[in-house]
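Nothing in this text is a laboratory measurement; each read-out follows from the coordinates by a stated rule. Since we're looking at a predicted model, the values are computed, not measured. Backbone-built Cβ (ideal geometry, glycine too); neighbour counts: all protein chains shown.
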Amino acid sequence: MDGRSACFLVLLVLLGTPTSADECRDISTKDLFCLKYLCKSFCLDEVRNWGGTAGYVDHYWCKGPRCHCRLCRLT
């Protein structure tokens with residue numbers, strides 16, 4: 001790996017961006033309202049069910065009444 005590639009990989013890790021070795025998917029709920037702390041809890045439960053110990057929540061957010069999650073796992 002040359003210096004530029006290594007630097008780019010370090011930047012991706014520091015920024016928290018999933019690398020190509022990670023498998024990710026987006027999910028959302030259909031709720032009456034969304035509270036950020038409940039959304040985080042929902043996403044953490046979902047990632048445990050889907051990714052096991054290799055799973056992590058890349059991003060979660062509320063948009064209107066829906067909770068959205070970007071779940072990733074190491075492959």
Could I have the simple spin-label model distance between L32 and T53, label points 7 Å from Cα toward Cβ, reported in nm to one decimal? 4.0
Cα→Cβ-extended label distance, 7 Å offset, between R25 and S41, nm: 2.4
